Amino acid sequence: MDRIDAATRSRNMSRVRSVDTRAEITVRRIAHALGYRFRVHRRDLPGTPDLVFPSRRVALFVNGCFWHRHEGCRRAATPKTRTAYWEDKFHRTLQRDRRVNTALAVLGWRAEVIWECETNDRDHVACLLRRCLDLNGEDAS
């Protein structure tokens with residue numbers, strides 16, 4: 001049983017952002033500071049990537065650990081109530097992620113992911129961005 005009533009739960013869930021999240025803004029700031037230029041939420045690409053680097057054909061997703069099931073992350077815990085509902089919801093999200101990655105690959109784009117929990121370490125995010133955006137495939141750090 002949920003500890004709060006349905007109306008309060010609904011109000012709380014309505015405040016969960018899908019775009020311009022704190023993690024996404026952090027990645028944008030770091031990418032811009034490193035000199036990378038990008039587009040945000042290109043709706044003409046499958047999955048509407050969070051950041052798009054057209055010259056490199058890279059679509060970057062800043063995934064929430066809970067919703068996209070970051071393996072081994074404490075934020076990816078399954079709620080104890082209505083577990084069947086949540087497991088089905090998470091399964092559909094993972095299927096959608098796979099479909100989007102495949103569709104991007106067919107179009108010649110490379111999909112990359114930065115996890116929400118990784119955005120707490122700015123140096124780590126900078127290293128990840130350099131690695132996935134370097135045209136030679138070498139680590140730039």
Report yes if some residue within the stretch 92-101 is at pLDDT 95 or above, hydrophobic (A, V, I, L, M, F, W, C), farther than 21 Å from residue 13 by Cβ and within 15 Å of the chain's Cα centre (by Cα); otherwise report no.
yes
Just checking, which of 125, 113, 27, 106 is without any contact (Cβ under 8 Å) to a residue 40 or more places away in the chain and among the β-branched types (Val, Ile, Thr)?
106
Looking only at the stretch 30-75, which residues are hydroxyl-bearing (Ser, Thr, Tyr) and over 24 Å from residue 103 (Cα atoms)?
36
Say whether the condition of being touching a helix residue (DSSP H, G or I) at 6+ places or on another chain (Cβ under 7 Å), more than 16 Å from residue 125 (Cα to Cα) and outside any helix (DSSP H, G or I) is met by at least one residue in the stretch 83-100.
no
Considering residues that are β-branched (Val, Ile, Thr) and in a helix (DSSP H, G or I), the number found within the stretch 101-128 is 4
Under the condition of being under 17 Å from residue 119 (Cα atoms), surrounded by 13 or more Cβ atoms within 10 Å (Cβ to Cβ) and of a type in the set (A, V, I, L, M), which residue from the stretch 26-42 is farthest from the chain's Cα centre (by Cα)?
34
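The values are calculated or read from the model by the stated rules, or taken from the named source; none is laboratory data. Quick caveat, the model's predicted, so the values are computed rather than measured. Cβ coordinates were reconstructed from backbone atoms using ideal geometry, including for glycine residues, and neighbour counts include every protein chain displayed.
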